[in-house]
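A.B. asks: What follows is a single structure, and I will ask about it in a moment.
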Amino acid sequence: MMFKKGNTTNSSTQQRPSLGRFAALINNSIEDTDQDDFIPTTQKRFSQVHIQTTKRKLTNSITSTNSVEKKRTKKTNIFQDVVSTTSVYFKENRNSTSPPWLNLPIEIIQHIFSYIPIKPLLTQIARVCQKWHIAVHDRKFLRWAKIHLRYEYEEIVTLKIIDQMINHSDNVLQKILQRVSAIMIDNPIDEKTIQFKFPLPTLIQLDRQLRKHTMYQYAIDLLSKNKMQQDFLLLNSTEKIFNPLCTTTAIHIISNTVESTRQLFRLWITIDQLKYETIMDFFYFLLTLFTGATRLCNLQFRYPYRLHYCLKEYEDQLLIQFNSICQHILNIDSSYTIYSTILSKLLLTAEQETIVCHNLENQQTMKINAYAGTGKTTTLIAYAAKRMDESFLYVAYNKAIQTYAEKVFPPNVKCQTVHSLAYAKIGRQFEGHLGNLRLKSIVDIINDRPLIGEKGRTVNSLYIRARFVYNTLNNFIASVDPMITDEHVENSSPVSSGESNSQVILTSQEKANLAADARCIWAIMKDVRDTRVLMTHDGYLKLYQLSKPQIHLYDCLFVDEAQDLTPAVTDIINSQRVSKILVGDKHQQIYAFRGAVNAMTKIESTVTYYLTKSFRFGFDIAFISNLILQKLCNEKKYLIGNNKSSCLDGRSASIDTVIKDQKAYLFRTNYNLFNCAVQLIIEKGLKHVCFVGGKEAMGFEKILDIFFLWLDPEERRKKNYQIKDPQLQAFSSFKTFEKFSQDVADAELLGKIKLVQYHGHSIIEKIKQLQEKSCTDISQAKIILSTAHKAKGLEFPIVILADDFLPRSSDSPLEQISLDEHRENLNILYVAATRATKELILNMDLFYLLYKMCREPFYDLSYSSNMEKCASCTIESNTSTNGTNKEILLKVKSVQLSCNTTTAGEYSPLPVCLKHLPESFVSMVQLYQNV
């Protein structure tokens, strides 16, 4: 056997598999194929590209990217997120000699290929040459891995096949067990679906190995109590043995952790008589069944996800083992020495390698959908390091990201923010009067202009009118439009009056008049000699966009955080006549309130890739993150974590729990963050507490200004309190300021007002103590306080989620909220949850999602005894329970939540037998038909 199956050594998360280099090596060795038949992501060797001048020629065409006709192959297959795999035509080159290893028997080639994930096999390896194409597309080779991939991409014929197999059964787990039991010894069953052949001695040996599994006895108990137990027995065996295929399935069904599924893989892989491809295909068969059951019958998500997780994890571990061999062979070639030093430190996943090896032609665009913690920066570093003779511009989202990028990217990458590009060309002329757009400045201007509507209309109120103009300007500045029109004016605006909320609905004439107001303000902003209204940073960026800039010094643009670009920035990027790589995650779009749109959907691409392997967290945190994505964000792809441990049980939730790891409290609002800081720093006296962004980010000065305005004027005069904020100085009283904040619906101001009203006169001393007792060095802090927005891009060992992420009325359960209305809040919740690396402390919403909506409680299994019995049976029975009858007991684990409550939801934390299991376990209970 060419490769040893038994090596299951766990690798650290820093070790990452390298498929692309192996594929590149194979590609460079092929001489008997047309150039068009080469693997699409590795078309030329680096040395060849270097000799033939890789520097992309910049086009002199006047037409923009939008009008350039791009040559693309029509995607006629189901793999829309990879390079098109259209029909391949191979031409034999009789003048060349094939390398000896190309003439290996098909069986050996297939065995080697079985160690490569199925998608690159079909989309890349199968295109190398005709022999490999035949080997990969052999109907019997990795049949179920192929079926599952087609099912994942919702290929119609495959959907129908799986639908017929599952058949919307009421007892779907029973249906799956029956399907598995239909795999008979030495018998091909149902040629269109199941194709497995297991000799009797092999199955007996497999059963012996499975006896080592910690869940074996529980699985046997399940099978023996099922009414169809005879169908699950191993036929032709001299002793009563359950079919180990059914036992494997039963172990997976009853398992309570992902480690149990990992143990199944390790036991199967030790059977020497079983080929590796047979093992993987059987588990893909199970994965397809459980995936179909989840989609069609609402089976719990944990069943397919654990299998998917372990399959991908095992594939990665094997690829890691091959990586050192491939790296050694590649480094023998001197053409790789230019960048091998950098690349050797970046051990990439198969997904990353595929991206890195994809050569973009001039003006082509690549999109990379990178989920939380999946190594997007590492991928871009590797992409640039492999092309040291080309120049790249990395467009960072903010200055902090730019500063970090300058330290890690190779020297052929220039790192800038889009604002720095705009400042160099346009913004410099406004130096000296740059700042924020203030409502008070707008009020001063429009006060001298005619009324917007008829007398008595609410919109004529100066502050309401100013808020409309303010929003209109921001909408225009974020847009691609050349001038302000009534399309930029909002149709309505929320207005708070006391306790009642109402809306101002605008007429068409009022919208036109407000647009005229906005044009007046914009004209003042653009006039460098008129300083009544300051030019904003987004304002000169808008002027830069309108100037139609062209960036000529680079071969390719790297655009990070593409999901949070405004239409104006998207237009700047899209108009560049160079290659572009956009990286983003639509589920991390949290700046829509600034006019951001998902540029990933606005810019057309040549090819789209996904990064789904997170190196930040382990299974449990990945699991809850997937529940957010699958149940609340309509995502279909799975996010996979690393092989390190993680937990959700809340063991570190208590403030009094002493831990070594850094703990971060994350919030949606600054109001709740401030109150938590008071509790931890002042009331509990905790030290080493730090604010992300520093103390300045908390806005203490403005809170104090609002407090001074809240005081009686006489008291303010006696204590010599001075209001420093120019905007607040303009208000004659606190009530006027409060009404203004309500009229313009400024959430930030309303939150600070609420703080002042809640804490009253004590707020001065509290702010003083927070400033004095909080630490400034985040690396030395034991406790971190931050909003989810400020924490984006960061990670912490332990994350505690506040209960303010999904604001709604108390009588609105999670499953009834409008997903569209809460889209940004759900994204913020996802961002916050994926900051954790070791432990995530759930808030009440995520606990409800886990235990109630998705029916995924944590539980332990045990057998009844004299010491432990079913709590419900004991209550029901008037006589003592016979402890000699062993039965399975299930105990739902309690979870410590961030709100300092320990709960198991509607589940009893006491052990219960199968008769009394809660609704979440109904599918499992149905398997015990004879109980």
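The values are calculated or read from the model by the stated rules, or taken from the named source; none is laboratory data. What you see is a predicted model; the values in this text were computed from it and never measured. Here the Cβ positions follow ideal geometry from the backbone for every residue, glycine too, while neighbour counts run over all protein chains shown. Ligands, DNA and RNA are excluded from the accessible area calculation, which covers all protein heavy atoms including side chains. Shrake-Rupley method; radii C 1.70, N 1.55, O 1.52, S 1.80 Å.
A.B. asks: Could you look through the stretch 205-229, keep only residues that are touching a residue at least 40 places away in the same chain (Cβ under 8 Å) and in a loop (DSSP other than H, G, I, E, B), and pick out the one that is nearest to SER181 (Cα to Cα)?
C.D. replies: Here the residue is MET228.
A.B. asks: If a residue has to be under 21 Å from THR787 (Cβ atoms), in contact with a Leu (Cβ under 8 Å, 6 or more places away or on another chain) and not aromatic (Phe, Trp, Tyr) to count, how many in the stretch 621-667 make the cut?
C.D. replies: Count: 10.
A.B. asks: So, one more: What residue, among those in the stretch 785-832 that are among the polar types (S, T, N, Q) and over 20 Å from PHE623 (Cα atoms), is nearest to the chain's Cα centre (by Cα)?
C.D. replies: From the stretch 785-832, those among the polar types (S, T, N, Q) are 786-787, 809-810, 812, 816, 818, 825, 827; that's our starting set.
Filter once more, keeping what is over 20 Å from PHE623 (Cα atoms): 786-787, 809-810, 812, 816, 818.
Numbers: SER786: 20, THR787: 18, SER809: 28, SER810: 29, SER812: 26, GLN816: 23, SER818: 21 Å.
Looking at the filtered set, the residue picked out is THR787.
A.B. asks: Would you mind finding the one in ASN878, ASN882, ASN866 that is over 30 Å from THR214 (Cβ atoms), part of a loop (DSSP other than H, G, I, E, B) and at pLDDT below 85? Talk me through it step by step, then tell me what you get.
C.D. replies: Values: ASN882 fails: over 30 Å from THR214 (Cβ atoms); ASN866 fails: over 30 Å from THR214 (Cβ atoms).
Only one candidate passes the filter, namely ASN878.
A.B. asks: Ok, one more. Return the residues of the stretch 656-674 that are more than 24 Å from the chain's Cα centre (by Cα) and open to solvent by less than 40 Å² (accessible area, probe 1.4 Å); say none if nothing qualifies.
C.D. replies: Within the stretch 656-674, LEU673, PHE674 qualify.
A.B. asks: Just wondering, is there one or more residues in the stretch 466-474 that are open to solvent by less than 70 Å² (accessible area, probe 1.4 Å), under 40 Å from the mean Cα position of the chain (by Cα) and among the charged types (D, E, K, R)?
C.D. replies: The initial filter retains those residues of the stretch 466-474 that are open to solvent by less than 70 Å² (accessible area, probe 1.4 Å), namely 466-474.
With the extra rule that they be under 40 Å from the mean Cα position of the chain (by Cα), the set shrinks to 466-474.
In the following step, the residues that additionally are among the charged types (D, E, K, R) were identified as 467.
Within the stretch 466-474, one or more residues are open to solvent by less than 70 Å² (accessible area, probe 1.4 Å), under 40 Å from the mean Cα position of the chain (by Cα) and among the charged types (D, E, K, R).
A.B. asks: Among the numbered criteria (1) open to solvent by less than 30 Å² (accessible area, probe 1.4 Å); (2) touching a Cys at 6+ places or on another chain (Cβ under 8 Å), which single criterion is violated by LYS838?
C.D. replies: Evaluating LYS838 over (1) open to solvent by less than 30 Å² (accessible area, probe 1.4 Å); (2) touching a Cys at 6+ places or on another chain (Cβ under 8 Å) leaves (1) as the failure.
A.B. asks: Here's a follow-up. Give me the pairs: first residue in the stretch 510-527 and surrounded by 18 or more Cβ atoms within 10 Å (Cβ to Cβ), second residue polar (S, T, N, Q), beta-carbon distance under 7 Å, and six or more apart or on different chains, which are they?
C.D. replies: Hits for this filter: LEU514/THR472; ALA515/THR472; ALA515/THR485; ALA518/THR472.
A.B. asks: Using the structure shown, decide if GLY456 is touching a Leu at 6+ places or on another chain (Cβ under 6 Å) and surrounded by fewer than 20 Cβ atoms within 10 Å (Cβ to Cβ).
C.D. replies: So GLY456 fails the test.
A.B. asks: Out of (1) open to solvent by 40 Å² or more (accessible area, probe 1.4 Å); (2) at pLDDT 90 or above; (3) within 39 Å of the chain's Cα centre (by Cα), the odd one out for GLU696 is which?
C.D. replies: If we test GLU696 against (1) open to solvent by 40 Å² or more (accessible area, probe 1.4 Å); (2) at pLDDT 90 or above; (3) within 39 Å of the chain's Cα centre (by Cα), just (2) comes out false.
A.B. asks: Look through the stretch 206-215, keep the residues that are within 20 Å of GLU887 (Cα to Cα) and surrounded by fewer than 19 Cβ atoms within 10 Å (Cβ to Cβ), and return whichever of them is nearest to the chain's Cα centre (by Cα).
C.D. replies: Step one: filter the stretch 206-215 for residues within 20 Å of GLU887 (Cα to Cα), giving 211, 213-215.
The next check asks that each one be surrounded by fewer than 19 Cβ atoms within 10 Å (Cβ to Cβ); those that pass are 211, 214.
Working: ARG211: 38, THR214: 33 Å.
Only one residue tops the list, namely THR214.
A.B. asks: Which one of LEU203, LEU299, LEU267 is buried (at least 18 other Cβ atoms within 10 Å of the Cβ), outside the structural domain of ILE109 (by the TED database) and modelled with pLDDT of 95 or more? Break it down stepwise before answering.
C.D. replies: Numbers: LEU203 fails: modelled with pLDDT of 95 or more; LEU299 fails: modelled with pLDDT of 95 or more.
That would be LEU267, the only listed residue that is buried (at least 18 other Cβ atoms within 10 Å of the Cβ), outside the structural domain of ILE109 (by the TED database) and modelled with pLDDT of 95 or more.
A.B. asks: Considering only the stretch 422-440, state which residues are assigned to a helix (DSSP H, G or I), open to solvent by less than 30 Å² (accessible area, probe 1.4 Å) and modelled with pLDDT of 90 or more. Walk me through it before giving the result.
C.D. replies: Just the residues of the stretch 422-440 that are assigned to a helix (DSSP H, G or I), to begin with: 422-425, 427-430, 439-440.
Those left that are additionally open to solvent by less than 30 Å² (accessible area, probe 1.4 Å): 422, 427, 430, 439.
Selection gives ALA422, GLY427, PHE430.
A.B. asks: Please verify whether ILE401 is open to solvent by less than 60 Å² (accessible area, probe 1.4 Å) and touching a helix residue (DSSP H, G or I) at 6+ places or on another chain (Cβ under 8 Å), treating the condition exactly as stated.
C.D. replies: On the way: open to solvent by less than 60 Å² (accessible area, probe 1.4 Å): yes; touching a helix residue (DSSP H, G or I) at 6+ places or on another chain (Cβ under 8 Å): no.
No: the conditions fail for ILE401.
A.B. asks: Where in the stretch 719-788 are there helices (runs of 4 or more DSSP H), lying wholly inside it, with at least 3 residues that are of a type in the set (D, E, K, R)? Lay out the reasoning, then the answer.
C.D. replies: On the way: elements: 726-729, 734-743, 747-759, 763-773.
Output list reads 734-743, 747-759, 763-773.
A.B. asks: Open to solvent by less than 50 Å² (accessible area, probe 1.4 Å), closer than 28 Å to ALA836 by Cβ, modelled with pLDDT of 90 or more and touching a helix residue (DSSP H, G or I) at 6+ places or on another chain (Cβ under 7 Å): does that describe ALA370? Step through it out loud before you land on a result.
C.D. replies: On the way: open to solvent by less than 50 Å² (accessible area, probe 1.4 Å): yes; closer than 28 Å to ALA836 by Cβ: yes; modelled with pLDDT of 90 or more: yes; touching a helix residue (DSSP H, G or I) at 6+ places or on another chain (Cβ under 7 Å): yes.
It is true that ALA370 is open to solvent by less than 50 Å² (accessible area, probe 1.4 Å), closer than 28 Å to ALA836 by Cβ, modelled with pLDDT of 90 or more and touching a helix residue (DSSP H, G or I) at 6+ places or on another chain (Cβ under 7 Å).
A.B. asks: Quickly run through the stretch 410-461 and pick out the residues that are out of contact with any strand residue (DSSP E or B) (no Cβ under 7 Å at 6 or more places or on another chain), under 30 Å from ALA396 (Cα atoms) and among the polar types (S, T, N, Q).
C.D. replies: SER420, GLN429, ASN436
Condition check ((1) open to solvent by 10 Å² or more (accessible area, probe 1.4 Å); (2) within 26 Å of TYR309 (Cα to Cα)) across all residues:
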site	(1), (2)
GLN576	no, no
THR601	yes, no
THR612	yes, yes
ARG616	yes, yes
ILE628	no, yes
LEU632	no, yes
LYS636	yes, yes
LEU648	no, yes
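A.B. asks: Among the residues of the stretch 809-856, write down those that are assigned to a helix (DSSP H, G or I), under 25 Å from SER645 (Cα atoms) and of a type in the set (D, E, K, R).
C.D. replies: ASP845, LYS852
A.B. asks: Return the residues of the stretch 709-725 that are surrounded by 11 or more Cβ atoms within 10 Å (Cβ to Cβ) and either touching a helix residue (DSSP H, G or I) at 6+ places or on another chain (Cβ under 7 Å) or at positive phi (or both); say none if nothing qualifies.
C.D. replies: Across the stretch 709-725, the qualifying residues are LEU709, TRP710, ARG716, TYR721, ILE723, LYS724, ASP725.
A.B. asks: Considering the stretch 789-806 alone, what residues qualify as being open to solvent by 50 Å² or more (accessible area, probe 1.4 Å) and part of a helix (DSSP H, G or I)?
C.D. replies: Quick first cut of the stretch 789-806, residues open to solvent by 50 Å² or more (accessible area, probe 1.4 Å) only: 790, 793-795, 803.
Once the filter is applied, which keeps residues that are open to solvent by 50 Å² or more (accessible area, probe 1.4 Å) and part of a helix (DSSP H, G or I), the stretch 789-806 yields only LYS790.
A.B. asks: Could you run through the stretch 888-904 and say how many residues are assigned to a loop (DSSP other than H, G, I, E, B), modelled with pLDDT under 80 and touching a Ser or Thr at 6+ places or on another chain (Cβ under 9 Å)?
C.D. replies: Taking the stretch 888-904 as the starting set, the residues that turn out to be assigned to a loop (DSSP other than H, G, I, E, B) are 893-894, 897-901, 904.
Still in the running and modelled with pLDDT under 80: 900-901, 904.
Restricting the remaining residues to those that are touching a Ser or Thr at 6+ places or on another chain (Cβ under 9 Å) gives 900, 904.
The number of residues fulfilling the criteria is 2.
A.B. asks: Let me ask another. Which members of the stretch 345-402 meet the condition of being in a loop (DSSP other than H, G, I, E, B) and among the acidic types (Asp, Glu)?
C.D. replies: Restricting attention to the stretch 345-402, the residues satisfying the condition of being in a loop (DSSP other than H, G, I, E, B) are 345-349, 357-364, 371-375, 386-391, 397-398.
Passing the criteria: GLU361, ASP389, GLU390.
A.B. asks: I've got another one for you. For residues that are out of contact with any strand residue (DSSP E or B) (no Cβ under 9 Å at 6 or more places or on another chain) and hydrophobic (A, V, I, L, M, F, W, C), scanning just the stretch 216-237, find the one that is least open to solvent (accessible area, probe 1.4 Å).
C.D. replies: It comes out as MET228.
A.B. asks: Filter the stretch 675-691 down to residues that are open to solvent by 30 Å² or more (accessible area, probe 1.4 Å), among the hydrophobic types (A, V, I, L, M, F, W, C) and either closer than 17 Å to SER786 by Cβ or not assigned by the TED database to the domain that holds SER786 (or both), then give me how many there are. Walk me through it before giving the result.
C.D. replies: Pass one, the stretch 675-691, residues open to solvent by 30 Å² or more (accessible area, probe 1.4 Å): 675, 679, 682-688.
Then keep just the ones that are among the hydrophobic types (A, V, I, L, M, F, W, C); that gives 682, 686.
Among the residues that remain, those that are also either closer than 17 Å to SER786 by Cβ or not assigned by the TED database to the domain that holds SER786 (or both) are: 686.
So the answer is 1.
A.B. asks: If the Cβ limit is 6 Å and pairs must be 6+ apart or interchain, which residue in the stretch 135-155 that is in contact (Cβ under 8 Å) with a residue 24 or more places away in the chain pairs with which residue that is acidic (Asp, Glu) and open to solvent by less than 30 Å² (accessible area, probe 1.4 Å)?
C.D. replies: Final answer for the pair search is LEU142/GLU277; LEU142/ASP281; TRP144/ASP281; ALA145/ASP281.
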